[in-house]
Amino acid sequence: MDSVQHSSAQRDAVRELRLHLVTWNVGTASPPPDVTSLLQLDSPSPAIDLYVIGLQEVNSRITNFLSDLVFDDPWSIFFMTVLSPLGYIKLSSIRMQGLLLLIFVKHDHLPFIRDVRTNYTRTGLYGYWGNKGGVTVRMSLYGHTMCFINCHLPAHMENTEQRLDDFEKILEMQFEEENVPSTLDHDVLFWFGDLNFRIADYGIHFVRESINNKRYNLLWEKDQLNMAKKKEAFLQEFIEGPLQFKPTYKFDLHSDVYDTSEKKRKPAWTDRILWRMKSLCQHASKDDFSEEEQTISVTLNNYISHMSYGISDHKPVTGTFGIELKPLLSDPLVTLSPEGEWSSERDVFISYSAVPGFPSSAWDWIGLFKVTFRHANDYVTYAWVEDDEISSNEDSKQVYMSAAEIPDMGGKFLLCYYSNNLQSIVGISQPFQIQPNRTSIGKDLAQEENAWMQKPDNLESHNEF
């Protein structure tokens, strides 16, 4: 089969991806000691392909807010520390005050994720300061557009209209770049966060009694979001799984007991995950629409809360989704590989080739990464594709890395091609071994031994022999 037929066959094959989405109002707390169950790391199911983690009320002292624009915050570092050894890279993140949205993906999907963009909308305090609002990440995944919006909407029972107004404002947010669709024009849109909708009308005793008896369905019709969905056309396009778990607010800290303070807040499903399919909205008026016309579909596999986490007055909620799609992209923009055996004893070479019409730039670079790398800037060293080029022909190009830049200790690494124009990794090599530099390691050991021997107390003990 020639390459054109091969690409066509790959495009026709349906891919199944698993997406795990977390929403959690962490109430300014530090990360917990363990998130195995939250991230389903002990699940017998196939591995997750994408993690989408939306947090609200991340500690947002002004100094933190400003410094986190440059440096990662403790929650980002925490999730990178957990996920990078398992083969996930932080693809994107955006923070606005207490709102944080993180996206992690398995390495092998990186070349097929493009046009990653972030944005935010402030709605709190008349939009002057970001204590409420939404943060958004959008991308193209195998050619299909996806958008994720993490929201923190206004609190209190009486503010339903304000919540809806704020969400509409967030949906109207436009990305600055050309050729990026508006929020509602994405193939799939996920909406989640501390949406702050409450249970109306019913008294606290009836609500608590219904929860104790696990008769959650008695409360659904008075859930303010469910009520609003019946009236507001724009909300009717959003799908949500059944609320078969306890309301996730408001708990005493480090317990599964609802609020025992003087305020005794009525429990509520404040923390939610919904999604919207553009194809279903477009075809809603057509009777002859068949599922075969869809090139992407989303299935909710489970929608649960996690009662064991007690660091805040909210319990985290997760949704695990199956995403079936026909890839519209089947070939990476750049393929690359190391040449020969690598060690720091000599300069090393990389060969790469790009698809015709690839928008290369003098600012493109190839990075050398440990296999457990955390994000695109977590490289050991890099080479500029133009400045460090040593040969070029129609089929491929070669660049070099200086021996001085290669780690003496060796280990398992991979190479990534970063496109400046596309602002993303567009090619990734297979993992490969760098051999340790025996000469250099031997010298280092000899120097260490020498330094140890030169210490006065060690010289005396040595002379005693």
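Tabulated values for the structure
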{"quantity": "Qualifying positions in segment 165-187 - β-branched (Val, Ile, Thr), out of contact with any Ser or Thr (no Cβ under 6 Å at 6 or more places or on another chain) and within 26 Å of Lys231 (Cα to Cα)", "calculated": "Thr183"}
{"quantity": "Top-ranked residue of segment 242-281 - restricted to ones that are surrounded by 13 or more Cβ atoms within 10 Å (Cβ to Cβ) and of a type in the set (Gly, Ala, Ser), ranked as modelled with the lowest pLDDT", "calculated": "Ser279"}
{"quantity": "Condition broken by Gly241, with the remaining ones in (1) in a helix (DSSP H, G or I); (2) in contact (Cβ under 8 Å) with a residue 12 or more places away in the chain satisfied", "calculated": "(1)"}
{"quantity": "Every residue from segment 349-395 that is out of contact with any Leu (no Cβ under 9 Å at 6 or more places or on another chain) and more than 18 Å from Asn420 (Cβ to Cβ)", "calculated": "Phe349, Pro356, Ile390, Ser391, Ser392, Asn393, Glu394, Asp395"}
{"quantity": "Strands (runs of 3 or more DSSP E) fully within segment 388-438 counting 1 or more residues that are among the small types (Gly, Ala, Ser) and closer than 30 Å to Glu177 by Cβ", "calculated": "411-419, 424-428"}
{"quantity": "Single condition Thr28 does not satisfy, out of (1) in a loop (DSSP other than H, G, I, E, B); (2) at pLDDT 95 or above", "calculated": "(2)"}
{"quantity": "Criterion violated by Glu464 - all others in (1) over 24 Å from Tyr51 (Cβ atoms); (2) modelled with pLDDT under 95; (3) within 33 Å of the chain's Cα centre (by Cα); (4) of a type outside the set (Gly, Ala, Ser) satisfied", "calculated": "(3)"}
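Let's see how each residue does on (1) of a type in the set (Phe, Trp, Tyr); (2) under 28 Å from Glu324 (Cα atoms); (3) in contact (Cβ under 8 Å) with a residue 40 or more places away in the chain:
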{"site": "His186", "(1), (2), (3)": "no, yes, yes"}
{"site": "Glu221", "(1), (2), (3)": "no, no, no"}
{"site": "Asp252", "(1), (2), (3)": "no, no, yes"}
{"site": "Tyr258", "(1), (2), (3)": "yes, no, yes"}
{"site": "Arg276", "(1), (2), (3)": "no, yes, yes"}
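The values are calculated or read from the model by the stated rules, or taken from the named source; none is laboratory data. Everything quoted here is computed from the prediction, not taken from an experiment. Here the Cβ is made from the backbone with ideal geometry for all residues, glycine too, and neighbour counts use every protein chain on show.
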